[in-house]
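Chemist: Handing you this structure, nothing more for now.
The values are calculated or read from the model by the stated rules, or taken from the named source; none is laboratory data. Keep in mind the model is a prediction, meaning the values are calculated, not measured. All Cβ positions, glycine included, derive from the backbone under ideal geometry; neighbour counts span all protein chains shown.
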Amino acid sequence: MSVKPTKAMVLAAGLGVRMRPLTDHMPKPLVPVAGRPLLDHVLDKLAAAAVTEAVVNVHYLGGQIIDHVASRQSPRVIISDEREHVLGTGGGVVKALPLLGDKPFFHLNSDTMWIDGVQSNLARLAETFDPARMDILLLMAPTANSIGYGGRGDYAMLPDGALRRRREHQVVPFVYAGAAIFSPSIFKNAPKGEFSLMRIFDAANEQERLFGLRLDGVWMHVGTPDAVAAAEEALLESVA
């Protein structure tokens, strides 16, 4: 049984340290790529996937993001304000859970970008997510043809989509692309305050309820100023 999430959480509270000097006076989610802020690229994809409400958390220069999304209608944006306390990727979701409801929801990093293949990858996630078998379904990009990524990968993926986390000296073929579907139930024993989502991923993995879906298209890791130009070039080529 697949689900079609109508709500999403977008992580936009990071400090954007690696994106300096672009983020000296601007939060990373508002850094423009091909004429549109990173955050708008993400919200546009959610709108195309029929998401009606997106919870966006803010911390660093959060007022700029609040002003930027104030007039957005599709999806409607609800702010989760973390300007007083940094909560990390996991704590940020826990704080937002009352706004997200009790059904599975999309979860996206505000700096994730990809060019879809034949079908929308968010639609593919929704079709693949099976709450009977999984608590988390991550969109996984093949490291070999990703743009701007030079790491060793995050997970190996079994034929049924089950994920196995990379061991310390291992190189694995897939990197988390920053888009997922979560069941809110996975957070019921989550710690209070600041913590990383990796703790939640690992808990789901131990219960064999962490799965991945191979991204169809090209993923762009926009983590540094140099990566912005590479992402723009790929986007322009995709519409040429």
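Chemist: So Gly153 ticks every box in (1) surrounded by 18 or more Cβ atoms within 10 Å (Cβ to Cβ); (2) touching a residue at least 24 places away in the same chain (Cβ under 8 Å); (3) within 21 Å of Asp202 (Cβ to Cβ) but one. Which box is left unticked?
Modeler: (2)
Chemist: Continuing with the same structure: Quick check on the range 207-228: of everything there that is part of a loop (DSSP other than H, G, I, E, B) and more than 15 Å from the chain's Cα centre (by Cα), which residue is surrounded by the most Cβ atoms within 10 Å (Cβ to Cβ)?
Modeler: Arg209
Chemist: If you don't mind, another one. Kindly establish whether Gly161 is touching a Ser or Thr at 6+ places or on another chain (Cβ under 8 Å), among the small types (Gly, Ala, Ser), surrounded by fewer than 21 Cβ atoms within 10 Å (Cβ to Cβ) and within 20 Å of Thr89 (Cβ to Cβ). Even if it seems obvious, please write down each step before you answer.
Modeler: Details: touching a Ser or Thr at 6+ places or on another chain (Cβ under 8 Å): yes; among the small types (Gly, Ala, Ser): yes; surrounded by fewer than 21 Cβ atoms within 10 Å (Cβ to Cβ): yes; within 20 Å of Thr89 (Cβ to Cβ): no.
For Gly161, the condition - touching a Ser or Thr at 6+ places or on another chain (Cβ under 8 Å), among the small types (Gly, Ala, Ser), surrounded by fewer than 21 Cβ atoms within 10 Å (Cβ to Cβ) and within 20 Å of Thr89 (Cβ to Cβ) - is not met.
Chemist: Another one. Taking the condition of being among the β-branched types (Val, Ile, Thr), out of contact with any Leu (no Cβ under 8 Å at 6 or more places or on another chain) and not in a loop (DSSP other than H, G, I, E, B), how many residues in the range 1-41 meet it?
Modeler: The total comes to 1.
Chemist: Cβ contacts < 6 Å: first residue crowded, with 17+ Cβ neighbours inside 10 Å, restricted to the range 104-124; second residue of a type in the set (S, T, N, Q) and at pLDDT 95 or above, any location; separation 6+ or different chain. Result?
Modeler: If the second residue must be of a type in the set (S, T, N, Q) and at pLDDT 95 or above, the pairs left are Pro104/Ser183.
Chemist: Take Val93 and decide whether it is at pLDDT below 90 and under 24 Å from Gly193 (Cβ atoms). Break it down into steps so the answer makes sense when it comes.
Modeler: Working: at pLDDT below 90: no; under 24 Å from Gly193 (Cβ atoms): yes.
So Val93 fails the test.
Chemist: Of the residues Arg166, Arg209, which is among the basic types (Lys, Arg) and modelled with pLDDT of 95 or more? Let's see the steps before the verdict.
Modeler: Numbers: Arg166 fails: modelled with pLDDT of 95 or more.
Exactly one of Arg166, Arg209 is among the basic types (Lys, Arg) and modelled with pLDDT of 95 or more, namely Arg209.
Chemist: Additional query: Any residue in the range 204-221 that is under 14 Å from Gly153 (Cα atoms) sitting within a Cβ distance under 9 Å of a residue that is among the acidic types (Asp, Glu) and crowded, with 20+ Cβ neighbours inside 10 Å? List the pairs, counting only those 6 or more apart or interchain.
Modeler: So the pair list comes out as His221/Asp111.
Chemist: Another question about this same structure. Looking only at the range 71-80, which residues are touching a helix residue (DSSP H, G or I) at 6+ places or on another chain (Cβ under 7 Å) and at pLDDT below 95?
Modeler: Arg72, Ser74
Chemist: Quick one: would you say Leu39 is over 17 Å from Ala180 (Cβ atoms) and within 12 Å of the chain's Cα centre (by Cα)?
Modeler: Here the answer is yes, as Leu39 does meet what is asked.
Chemist: How many residues does the range 56-101 contain that are free of Cβ contacts under 8 Å to residues at least 12 places away in the same chain and hydroxyl-bearing (Ser, Thr, Tyr)?
Modeler: Of the residues in that region, 1 qualify.
Chemist: When you scan the range 128-135, do you find a residue that is among the hydroxyl-bearing types (Ser, Thr, Tyr), at pLDDT 95 or above and either buried (at least 16 other Cβ atoms within 10 Å of the Cβ) or over 24 Å from Leu15 (Cα atoms) (or both), even just one? Reasoning before the result, please.
Modeler: Keep residues of the range 128-135 that are among the hydroxyl-bearing types (Ser, Thr, Tyr), which gives 128.
If we keep only those that are at pLDDT 95 or above too, we end up with 128.
The next check asks that each one be either buried (at least 16 other Cβ atoms within 10 Å of the Cβ) or over 24 Å from Leu15 (Cα atoms) (or both); those that pass are 128.
Checked against the condition, which is being among the hydroxyl-bearing types (Ser, Thr, Tyr), at pLDDT 95 or above and either buried (at least 16 other Cβ atoms within 10 Å of the Cβ) or over 24 Å from Leu15 (Cα atoms) (or both), the range 128-135 yields at least one hit.
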